[in-house]
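Chemist: After the structure tokens below, expect a handful of questions from me.
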Amino acid sequence: MTNHFNDIRHSKLLFFIGSNAAEAHPVAMQYILYAKEVNNAPVIVVDPRFTKLAAKATDYVRIRPGTDTAFLMGLINQLIQNDWYDKEFVRTRVAGFEELKKEASHYTPEVVEDITGVPAKEVVRIAKLLADNRPGTVIWCMGITQHHIGSSNTRACCILQLMLGNMGKSGGGTNIFRGHDNVQGATDMCVLSHSLPGYYGLSDKAWKHWCKVWGVDYEWIKSRFYNKKYMNKPGFTLARWYQGVIQEDKITQYTPIKAVVFWGISSQSISQYHKVKKAFEQLDLVVVIDPFFNTTAAMCEKDNVYVLPSTSQYETEGSVTSSCRQAQWRYKVVNPVYDSKTDYEIMEEFVKRFGFADKFYKNIKKIPEDITREIANGCLTIGLCGWLPERIKKHTDNWHTFDIDTLQAKGGPCDGEYYGLPWPCWTEDHPGTPILYDISKPVAKGGLPFRARFGTEYTYPDGRKENLLAAEGVANPGSEIMGGYPEFPGWKTDKNVIKEAIKRGMAPFGNARARCYCWNFPDPVPKHREPLHSPRPDLIKKYPTYPDKPDHYRVYTRYKSEQKPELAKEFPIVLITGRVVEHMGGGDETRSNKYLAELMPEVYAEINPRLANDYGLRDGEMVWIESPEGGRIKIKVKVTERVDDKTIFIPYSFSGMFMGRSMLSNYPQGFEPYAIGEPANIVTNYGYDIKTQIQGTKECLCRIKKA
Amino acid sequence: MNKKIFLGLLFIIGALADTAFAQTAPAKAYLIDIWYGFYNAIVGDWAKNAPLFIEYVTKMKPVYLLVVIGVPSVFLLHYLIIGPKKFSHEGEQILYYDVFARIIHWLAALFFSLLVFTGLIIIFANVFGGGSFVKFCRYVHLISAFGFGITVVPMFLMWLKDMLPAPYDIKWFLILGGYLSKKKRPIPAGKYNAGQKMWFWLATLGGGFMLFTGFYIYLFNTSLETLRLYTLLHMLLGIAIVALFFTHIYMSMIAIKGALWSMITGYKSADEVSILHSKYYEKLKKKA
Amino acid sequence: MAMKFICDTERCIACYGCVVACKEGHHLPIGVNRRRVVIVNEGKPGEKSISIACMHCSDAPCMAVCPTKCIYKREDGIVLHDKTKCIGCGYCLMACPFGAPQFPKSGPFGARGVMDKCTFCAGGPAPTFSEQEKQLYGQNRIAEGKVPLCAGMCSTKALLAGDSEVISEIYTQRVAKRGAANL
């Protein structure tokens, strides 16, 4: 999120695309409804499904799954064609506008109508609404990201806000609601295969920086790898790790994966789950670390699984990061119960037994304060330098002194600071940055320009040269250079450089333009590509997918060879997955809560009355849903008009059944969840984002058969 | 009263009133549709007969009180003014009830009395302080209902023929069974007089209806709308049953001296039969 | 003074937070819903939801029909009942327009147990904060000076609870703002 939840109260328009905040983020709804009521902000919801959020919308747009980029580019085109875009903002702070204009011009309302199914008139109307109500905020979630063009989708959203001039403004911004508590924290720690903590990447420079922070010898770390190549090579992702075991697609690694650790994650959130199950059967070792005996443990039917009971969040303490980049200290409420151990303890025991406690654990004397301190020492890129445990605790203890509107403390021990020190919090006395890219405030007071990450000048393929730094006169107040400036050399690894920059009123990472044309992406300007499994074979030719990518996070990933126009004949129905308000993520925790299980006891497939009648299905009847990859689930029909007559929706939070077979016998007695059902991800399809390899669970095809 | 009951409801209406302003959505649902949607989902058909239910259920208690106090008082007066009928229990004895009939009668009587008394306790629950005693009575009420349900069937079958109405029953009603006079005159009645017949039909068919409604009230397995109706009928019919129950006890135990013994030994004296069941006595005579 | 609930249907998002908060807070058995959420026009334009519990009626019909007279009204308008007196007859449910009284199946022969309903988080006739009160009626948050759990937990502040004059004032202001915004 570039802004924060409370800031949504200032929005004059709310544009949701691929988000069902009413079910996935109910607590955020108070700010959304506040803006709707008090600012009379139009609430535009773009979604294939008439969600509970859509029920609160003023304008609901039903869109065909997987065509978000086309719709967004259609809006951008309207803004440009009708001169509704923020010309001054584009002139001073945006790069690659000409290239964007050229690409966007293809998406006329009629073209958009053909691709997305949204009436041409509606596209123009929504664009006008966006232009008339500024600043507006754009909010998205997994409905945007979980596509094979997910990275294009997200960029299209950002470009839309750039065109509207809504970036860096209170009430504007791109606000991506994170799906779980502390997911932003996990992301900042880069619990990912392609980066070290703090988004440092895997370059030698990054390794050396972190070796310095940890106090570990770089050469020793290097010696731990099979060879140097693997030190800089992204590993498998969550979405496709199982291919490293079953090797249906060719892997580019010297050995298949032999062991896997599931630490606080629901494996049933991985698409094509029946293949994940196959991987469980081939692995030598599966370790599950969770407060609950979860689905992963129950799915391992070979005697290869160890379950380590960890504590819940109430039995441990530490800093957590909210969706809006704020840190908060979470205190312990009760001591760990039964045999459970805190995650810190489990990690410590591991490190000790592996024999490198003297290396990685050098700085950790007091848990968890020293861990937080180490993070502050290491994550300079996102400015966590100011996140000292004492400061975070002080904020948490004095939360009542902060203003609900601006997050700024009025008086008290945290006077002038923003609640939770939203990062970047550059120095130990920086107040935090509540709104990213806001040039109306000095950097030392929470202002920020766009980051200068990609040099100072670029030559586009057509020969046009453009200065990538911000225009003359555009900088934060008090900046030594009133205009664009490049990044300070060495700011990512040296705190003193950061301090020096702040002292001069400048951002350590420079002051640049936001790019509409990203030359390091497969599609420099976002463009529509039909889903791999498209229900519109006629459009595949016009908007084909990418060529296959052989070494995509160590595994061959099919694009072109997977996109077959004839598939839609056999699998004519579009499948999307999503959340229900009663269950959380994979649901291992919530389905074991009797009250939540009572409210939502079993899984269902939402089917439009028209589709149900065509197949002769009645409400409550059982039906088989089959995916092109061979997954099939037996599921109850819920006839509803939430979905249209080409789409079915399944909540993904269930497990306990597997392709018609009950898995309850695999749970220890008394540990079975109350609510059970087929994991929806058994029938989600092949398809992964070209950049991030996120799974495309919101653009699948399937067929249904009466059970 | 109804107006006040709706006060709570008014808050929902209030909660909806603003939709008139805030409805900026191009929704095809009108305010009134939404209001009716909520009304139907929450209140449903409550307004149809629940106010009636509330009104009558609250009035039922005094009526029962009247019956419980009034009926015995009338009998007390009758006892004091007219007094019981006395018959000679010597001489010829007529077998009136065989062993089977007696057993069935007493079993049914046991369950029936339990039903009546526990039923009254439930109605006057506040007098008994509610709680576990009355709750216990509810369970007794249930078990007795099962017992009565089993015994009422043979009872109904064995007496059905003799309980069919006859023309002279009208005459019996006209003189109120002769209970208002002290004179011993043959009273027009078959094996069972019209009063007994009335009691029989009320106890069996009425009892059956009580079982039927009671079953639903106990299990709550029908719509609230139907339940309200059943509960009202259960209580209304209960008034008649309680009144006749007291009458039956008074007649058999007090008003006719020794009548109780006929249900124990099975025999009635010819003297009694010739007066109280004159038509039956004539028939017996003819047969002999 | 009369304690009331107001549910703002423009705000309610049917998240069931109130329902679960109530059950979890008072440790209610499965099947007993002191509070429930009603959705109309589900999945269609005009979808609206409302959270419903005992409305603590000014002239409560349940009080009139109860044979044990165990339902009573406090001075602040909260309608409570004495579970030690209740016999589980169910007349209150037949009289209630909102379906508030709940009956757990706890007695012998699948009989209804004693009635359970929203207490406005004000406990019951048992001594305040006693173990008996907690067992029978759940928490007594009113005595602690807190709002009922459901209203306290409501994520969008749709559910308001308190003195009817105060909450209707809050609500009126909200509606006025909405109205003004549309001018």
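The values are calculated or read from the model by the stated rules, or taken from the named source; none is laboratory data. Computed from a predicted structure; not experimentally measured. Note that we place each Cβ from the backbone using ideal geometry, even for glycine, and neighbour counts take in every protein chain shown.
The rows are residues; the columns are (1) closer than 18 Å to A:Ala568 by Cβ; (2) touching a Cys at 6+ places or on another chain (Cβ under 7 Å); (3) not β-branched (Val, Ile, Thr).
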site	(1), (2), (3)
A:Ile635	no, no, no
A:Val639	no, no, no
A:Arg642	no, no, yes
A:Lys646	yes, no, yes
A:Ser655	no, no, yes
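Chemist: When you go through A:Val94, A:Val61 one by one, which is the residue that is within 14 Å of chain C (Cβ to nearest Cβ) and either surrounded by 21 or more Cβ atoms within 10 Å (Cβ to Cβ) or without any contact (Cβ under 8 Å) to a residue 60 or more places away in the chain (or both)? Break it down into steps so the answer makes sense when it comes.
Modeler: Numbers: A:Val94 fails: within 14 Å of chain C (Cβ to nearest Cβ).
Only one candidate passes the filter, namely A:Val61.
Chemist: Considering only the stretch A:152-170, state which residues are in a loop (DSSP other than H, G, I, E, B) and surrounded by fewer than 24 Cβ atoms within 10 Å (Cβ to Cβ). Break it down stepwise before answering.
Modeler: So in the stretch A:152-170, the residues in a loop (DSSP other than H, G, I, E, B) come out as A:165-170.
Within the stretch A:152-170, A:Gly165, A:Ser170 qualify.
Matching residues to (1) within 14 Å of another protein chain (Cβ to nearest Cβ); (2) among the small types (Gly, Ala, Ser); (3) under 30 Å from A:Arg464 (Cβ atoms):
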{"residue": "A:Lys36", "(1), (2), (3)": "yes, no, no"}
{"residue": "A:Lys52", "(1), (2), (3)": "yes, no, no"}
{"residue": "A:Trp84", "(1), (2), (3)": "no, no, yes"}
{"residue": "A:Glu98", "(1), (2), (3)": "no, no, yes"}
{"residue": "A:Ser105", "(1), (2), (3)": "no, yes, yes"}
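Chemist: Give A:Phe654, A:Phe649 a once-over and let me know the one that is within 13 Å of chain C (Cβ to nearest Cβ) and within 29 Å of A:Arg558 (Cβ to Cβ).
Modeler: A:Phe649
Chemist: Does at least one position in the stretch B:136-158 carry a residue that is exposed (fewer than 15 other Cβ atoms within 10 Å of the Cβ) and basic (Lys, Arg)?
Modeler: So far as the stretch B:136-158 goes, no, none of its residues is exposed (fewer than 15 other Cβ atoms within 10 Å of the Cβ) and basic (Lys, Arg).
Chemist: Can I ask one more? Restricting to the stretch A:178-237, and then to whatever is hydroxyl-bearing (Ser, Thr, Tyr) and part of a helix (DSSP H, G or I), can you tell me which residue is nearest to the chain's Cα centre (by Cα)?
Modeler: Of all residues in the stretch A:178-237, those hydroxyl-bearing (Ser, Thr, Tyr) come to A:187, A:193, A:195, A:199-200, A:203, A:218, A:223, A:226, A:230, A:237.
With the extra rule that they be part of a helix (DSSP H, G or I), the set shrinks to A:187, A:218, A:223, A:230.
Numbers: A:Thr187: 9, A:Tyr218: 32, A:Ser223: 33, A:Tyr230: 26 Å.
If we take residues in the stretch A:178-237 being hydroxyl-bearing (Ser, Thr, Tyr) and part of a helix (DSSP H, G or I), then A:Thr187 is nearest to the chain's Cα centre (by Cα).
Chemist: Pairs under 7 Å by beta carbon, first residue free of Cβ contacts under 8 Å to residues at least 40 places away in the same chain in the stretch A:334-346, partner part of a helix (DSSP H, G or I) and of a type in the set (Phe, Trp, Tyr), six or more apart or different chains?
Modeler: Here the result reads A:Val334/A:Tyr314, each pair linking the stretch A:334-346 to a residue that is part of a helix (DSSP H, G or I) and of a type in the set (Phe, Trp, Tyr).
Chemist: Could you say which residue among A:Lys691, A:Lys706 is closer than 14 Å to A:Ala605 by Cβ and of a type in the set (Lys, Arg)?
Modeler: Values: A:Lys691 fails: closer than 14 Å to A:Ala605 by Cβ.
Among A:Lys691, A:Lys706, only A:Lys706 is closer than 14 Å to A:Ala605 by Cβ and of a type in the set (Lys, Arg).
Chemist: Continuing with this model, one more query. Assess whether A:Ile44 counts as being part of a helix (DSSP H, G or I) and touching a residue at least 60 places away in the same chain (Cβ under 8 Å). Explain how you work it out, then say what you get.
Modeler: On the way: part of a helix (DSSP H, G or I): no; touching a residue at least 60 places away in the same chain (Cβ under 8 Å): yes.
For A:Ile44, the condition - part of a helix (DSSP H, G or I) and touching a residue at least 60 places away in the same chain (Cβ under 8 Å) - is not met.
Chemist: On to the next question. Out of all the residues in the stretch A:4-41, which are assigned to a strand (DSSP E or B) and among the aromatic types (Phe, Trp, Tyr)?
Modeler: Here is the first cut: in the stretch A:4-41, the ones assigned to a strand (DSSP E or B) are A:13-17.
Within the stretch A:4-41, A:Phe15, A:Phe16 qualify.
Chemist: Now a separate question. Can you pull out the helices (runs of 4 or more DSSP H) entirely within the stretch A:531-601 that have at least 3 residues that are under 30 Å from A:Ala24 (Cβ atoms) and at pLDDT 90 or above?
Modeler: On the way: elements: A:537-540, A:567-570, A:594-599.
Here the list reads A:594-599.
Chemist: Taking the stretch A:113-151, which residues are within 26 Å of A:Pro434 (Cα to Cα), touching a helix residue (DSSP H, G or I) at 6+ places or on another chain (Cβ under 7 Å) and in a helix (DSSP H, G or I)?
Modeler: A:Leu130, A:Ala131, A:Ile144, A:Thr145 - these are the residues of the stretch A:113-151 that are within 26 Å of A:Pro434 (Cα to Cα), touching a helix residue (DSSP H, G or I) at 6+ places or on another chain (Cβ under 7 Å) and in a helix (DSSP H, G or I).
Chemist: For the stretch C:150-164, name all the residues that are assigned to a loop (DSSP other than H, G, I, E, B) and polar (S, T, N, Q). Full working, then the answer.
Modeler: Taking the stretch C:150-164 and keeping what is assigned to a loop (DSSP other than H, G, I, E, B), we get C:154-158.
C:Ser155, C:Thr156 - these are the residues of the stretch C:150-164 that are assigned to a loop (DSSP other than H, G, I, E, B) and polar (S, T, N, Q).
Chemist: Testing A:Ile435 on (1) touching a residue at least 60 places away in the same chain (Cβ under 8 Å); (2) in contact with a Phe, Trp or Tyr (Cβ under 9 Å, 6 or more places away or on another chain), one condition comes back false. Which one is that?
Modeler: (2)
Chemist: Look through the stretch B:60-117, keep the residues that are outside any helix (DSSP H, G or I) and hydroxyl-bearing (Ser, Thr, Tyr), and return whichever of them is surrounded by the fewest Cβ atoms within 10 Å (Cβ to Cβ).
Modeler: Filtering the stretch B:60-117 down to residues outside any helix (DSSP H, G or I) leaves B:82-98.
When the remaining residues are screened for being hydroxyl-bearing (Ser, Thr, Tyr), the result is B:88, B:96-97.
Numbers: B:Ser88: 10, B:Tyr96: 19, B:Tyr97: 19.
The selected residue is B:Ser88.
Chemist: Which condition number does A:Asn685 fail, the rest of (1) more than 26 Å from A:Val305 (Cβ to Cβ); (2) within 14 Å of another protein chain (Cβ to nearest Cβ); (3) of a type outside the set (Asp, Glu) being met?
Modeler: (2)
Chemist: Just checking, does the stretch C:102-117 include any residue being more than 30 Å from B:Thr213 (Cα to Cα), within 12 Å of chain B (Cβ to nearest Cβ) and among the aromatic types (Phe, Trp, Tyr)? Give the steps one after another, and end with the answer.
Modeler: First, the residues of the stretch C:102-117 that are more than 30 Å from B:Thr213 (Cα to Cα): none.
Checked against the condition, which is being more than 30 Å from B:Thr213 (Cα to Cα), within 12 Å of chain B (Cβ to nearest Cβ) and among the aromatic types (Phe, Trp, Tyr), the stretch C:102-117 yields no hits at all.
Chemist: Then there's this: Given the stretch A:607-707, what strands (runs of 3 or more DSSP E) lie entirely inside it while holding 1 or more residues that are under 21 Å from the mean Cα position of the chain (by Cα) and within 30 Å of A:Pro291 (Cβ to Cβ)?
Modeler: Working: elements: A:622-626, A:632-639, A:647-651, A:700-706.
Filter on the stretch A:607-707 gives A:647-651.
Chemist: Among the residues in the stretch A:253-273, are any over 14 Å from A:Ile682 (Cβ atoms) and either among the hydroxyl-bearing types (Ser, Thr, Tyr) or outside the structural domain of A:Tyr306 (by TED's automatic domain parsing) (or both)? Even if it seems obvious, please write down each step before you answer.
Modeler: Filtering the stretch A:253-273 for residues over 14 Å from A:Ile682 (Cβ atoms) gives A:253-265.
Pick out the ones that are also either among the hydroxyl-bearing types (Ser, Thr, Tyr) or outside the structural domain of A:Tyr306 (by TED's automatic domain parsing) (or both) and you get A:254-255.
Looking through the stretch A:253-273, at least one residue is over 14 Å from A:Ile682 (Cβ atoms) and either among the hydroxyl-bearing types (Ser, Thr, Tyr) or outside the structural domain of A:Tyr306 (by TED's automatic domain parsing) (or both).
Chemist: Going residue by residue through the stretch B:35-49, is there one that turns out to be crowded, with 16+ Cβ neighbours inside 10 Å, of a type in the set (Ser, Thr, Tyr) and not assigned by TED's automatic domain parsing to the domain that holds B:Val116?
Modeler: There is at least one residue in the stretch B:35-49 that is crowded, with 16+ Cβ neighbours inside 10 Å, of a type in the set (Ser, Thr, Tyr) and not assigned by TED's automatic domain parsing to the domain that holds B:Val116.
Chemist: Is it true that some residue in the stretch C:17-40 is among the acidic types (Asp, Glu) and farther than 23 Å from C:Gly113 by Cα? It would help to see each step written out before you state the result.
Modeler: Applying the first criterion (among the acidic types (Asp, Glu)) to the stretch C:17-40 yields C:24.
Now drop any that are not farther than 23 Å from C:Gly113 by Cα, which leaves none.
Scanning the stretch C:17-40, I find no residue that is among the acidic types (Asp, Glu) and farther than 23 Å from C:Gly113 by Cα, so the answer is no.
Chemist: Kindly indicate the residue of the stretch A:580-621 that is buried (at least 20 other Cβ atoms within 10 Å of the Cβ), acidic (Asp, Glu) and within 22 Å of A:Tyr314 (Cα to Cα) and also nearest to the other protein chains (Cβ to nearest Cβ) among those meeting that condition.
Modeler: A:Glu582
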